[in-house]
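The structure appears right after this line, and notes come after that.
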Amino acid sequence: MKRKTSLYECLESRYPADDEGLVLCRAGHQLGNYISARQVKRGQPLECTTCQGCKNFIRMGKPIPAYERGWIK
């Protein structure tokens, strides 16, 4: 099974200035399930349908393992 593209590894994703905002796509794509800063803090998966096969995807490095995501445990 092919691994899904995650916002954790895309340089086009933009974290909001406040903790209640939404994660945005710098390339302008609508993130269908509206990922919030709260989801990032909890380390929840950020694998949007919109991001799968995106032509603007720019990998920022190796995938972040699930156990290293988020900071609220």
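The values are calculated or read from the model by the stated rules, or taken from the named source; none is laboratory data. As the structure is a computational prediction, the values presented were derived from the model and not from experiment. Don't worry about glycine lacking a Cβ; one is built from the backbone with ideal geometry, like all the others, and counts go over all protein chains shown.
Listing for the model above:
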item	result
Qualifying residue in the stretch 47-57 (condition: among the β-branched types (Val, Ile, Thr), in contact with a helix residue (DSSP H, G or I) (Cβ under 8 Å, 6 or more places away or on another chain) and either at pLDDT 85 or above or assigned to a loop (DSSP other than H, G, I, E, B) (or both))	no
Test: residue in the stretch 39-47 that is on the phi < 0 side of the Ramachandran plot and in contact (Cβ under 8 Å) with a residue 60 or more places away in the chain	no
